[in-house]
Amino acid sequence: MKLKHNVDFIKKDTVAIFVKVEKEQPKVCTFDKEYIDLFNSMVKDKYYTISTPFAFAFSKNTRVIYITYKEVKNYMYETWKCAGASLIKIMKDLHISDIEVDMAELFAEIGSMESYEQFCLGMLLASYSFNNYLGEKRLKDKTEIKNILLVSEHKKDTENAIVRASQIAKNIFWTRDMVNEPSNVINSLTFIERAKKVAEKKKITVFILDEKQLKTQNMNGILGVNAGSKNPPRLFVAQYKNPKAKKHVVLVGKGITFDTGGMSLKPSDAMLGMKDDMAGAAAVCGALFLIADRNLKANVTVICPLTDNKTGSGAINPGDILKMHNGVTVEVVNTDAEGRLILADALSYGIKKYKPDYIIDIATLTGACSIALGKYATGLLSTDEKLANIIKDAGNDTYERVWELPLFEEYKESIKSDIADIKNTGGREAGTITAGQFLSYFTEGSKWAHLDIACTSYSNVTEKYTSKGATGVGVYLLAKTVEKIAENG
């Protein structure tokens, strides 16, 4: 889809006008008495003020679509993102491939440059679809949106909004694509190939720890989870540096490219969606690419531990003990609690090697988070109040909202082991919190935050600007967090 700007209408075939109302039903008409009556009724509407004589701008056969939108309470940016997304939905429903949007009134309502950017972002995000494996017949059945022309006198503002929104959308799309790909396409090696290809174009430095190096570093969490797999484990590290940076942020993303549960085998219905268990790794890479596109004034290092979790003859068993990168011993009581094992090595490695100002990990870690928060909020746990507040603010700005859970010391009792320092799960109660407490053993003394996206990384329905499948959550949130750290951290 191409999103462009022009100061005048060109085709005058199908034109969209946005109207702020309480109901969300679009109205369609042509330039005739019906149009004039509807136009005049809109002039009187208390939500609508007229500064441009639309009727003089359009030809007799122009089809006019009035797209209604309403305010999302307390979230102005989300209002504009949803307004933009509603245009895409209508174009798909009415099989419209090209449209011109009269921005005169909408621009007056929007009021700020960032709101305009969010409007463009809503259109772009809603246009996404994952079609890599559809045949020709299925592709023909889908409406292809080709061109959206934003008609406005505000040339510079419109073009800037399109560019900035396109930067965000492009990197969210990359992340969605990675998560939507099946596990017979994306594994530890192919993940690196795709990420490295993008990183090199953005002058992001990349280096990889292979199996031999992981052994040298005593990363037995990653090696243990990988022991049942035919695909080799890897630690992917990518660095963006800005000469004006005052802060260094490390982002760690869980990269389980498929999770069977290991020897603690999942039931078949729970295994079906497990290709998305690398959504954290994809998100931190997408965020890094966006940070580079925006040239943010921070140094950012991304670390992705990559493996799948299979049941091969060498797989670890419940009851096995692993000595982690930082020397902490872990009793593996459940091999399906594997994400925290690979994150533990990556977190302690990142802290020891880079000594960052802040470290944030993001992972599809616990089903318990889905039970607690559903699909509308990401779980947040943190050892630093300032960092937690920055992430909360970034979540409100991007509408990738987070909800903080406690890290009370008492929760550590659940993960104490009789035969090792800790065990890798504390049972069903407070599962998200005890998983966070497990990770805290590998982040001691650091300003650290953990984001559990098990509930937000994937959507079972298409709604607003999210298509069914991977959401790309974390990309925008983490980039906005780094932006705030660079400005105020």
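The values are calculated or read from the model by the stated rules, or taken from the named source; none is laboratory data. Computed from a predicted model, the values in this text were never measured in an experiment. Reconstructed Cβ throughout: ideal geometry from the backbone, glycine too, with neighbour counts over all protein chains shown. When the accessible area is computed, the model is the full protein with side chains, heavy atoms only, and any ligands, DNA or RNA have been set aside. Shrake-Rupley method; radii C 1.70, N 1.55, O 1.52, S 1.80 Å.
Couple of notes before you dig in:
- Applying the criterion of being open to solvent by 90 Å² or more (accessible area, probe 1.4 Å) and part of a loop (DSSP other than H, G, I, E, B) to the residues of the stretch 21-36, the residue that is modelled with the lowest pLDDT is 24.
- Residue within the stretch 100-120 that is open to solvent by less than 10 Å² (accessible area, probe 1.4 Å), within 19 Å of residue 469 (Cβ to Cβ), at pLDDT 95 or above and assigned to a helix (DSSP H, G or I) present: no
- In the stretch 382-397, the residues that are on the phi < 0 side of the Ramachandran plot and without any contact (Cβ under 8 Å) to a residue 24 or more places away in the chain reach residues that are of a type in the set (Phe, Trp, Tyr) and open to solvent by 70 Å² or more (accessible area, probe 1.4 Å) with C-beta atoms within less than 9 angstrom, at least six apart or across chains, in these pairs: 392/403.
- Unmet criterion (only one of (1) open to solvent by 20 Å² or more (accessible area, probe 1.4 Å); (2) farther than 28 Å from residue 388 by Cβ) for residue 262: (1)
- Any chance residue 39 is at pLDDT below 65 and in a helix (DSSP H, G or I): no
- So residue 67, is it part of a strand (DSSP E or B) and either out of contact with any helix residue (DSSP H, G or I) (no Cβ under 7 Å at 6 or more places or on another chain) or at pLDDT below 90 (or both): yes
- Condition check for residue 346: small (Gly, Ala, Ser) and either within 22 Å of residue 218 (Cα to Cα) or touching a residue at least 24 places away in the same chain (Cβ under 8 Å) (or both): yes
- Taken as a whole, the stretch 239-258 holds no residue that is buried (at least 18 other Cβ atoms within 10 Å of the Cβ) and in a helix (DSSP H, G or I).
- Matching residues in the stretch 360-393 - criterion: being among the acidic types (Asp, Glu) and touching a helix residue (DSSP H, G or I) at 6+ places or on another chain (Cβ under 6 Å): 361
- Of the residues making up the stretch 153-175, just one is surrounded by 21 or more Cβ atoms within 10 Å (Cβ to Cβ), farther than 26 Å from residue 273 by Cα and not hydrophobic (A, V, I, L, M, F, W, C), namely 158.
- Listing of strands (runs of 3 or more DSSP E) fully contained in the stretch 295-379 that carry 3 or more residues being at pLDDT 95 or above and under 25 Å from residue 390 (Cα atoms): 299-309, 358-363
- Checking each residue in the stretch 342-365 for being touching a strand residue (DSSP E or B) at 6+ places or on another chain (Cβ under 7 Å) and either open to solvent by less than 10 Å² (accessible area, probe 1.4 Å) or among the small types (Gly, Ala, Ser) (or both) picks out 342, 343, 345, 346, 347, 350, 358, 359, 360, 361, 362, 363.
- For the stretch 176-200, taking the residues that are of a type in the set (Val, Ile, Thr) and either free of Cβ contacts under 8 Å to residues at least 24 places away in the same chain or out of contact with any Asp or Glu (no Cβ under 7 Å at 6 or more places or on another chain) (or both), the one that is surrounded by the fewest Cβ atoms within 10 Å (Cβ to Cβ) is identified as 185.
- Residues that are within 29 Å of residue 258 (Cβ to Cβ) and part of a strand (DSSP E or B) within the stretch 383-413 comprise 402, 403, listed in sequence order.
- Just one of (1) among the acidic types (Asp, Glu); (2) at pLDDT below 95; (3) under 21 Å from the mean Cα position of the chain (by Cα) fails for residue 277. It is (2).
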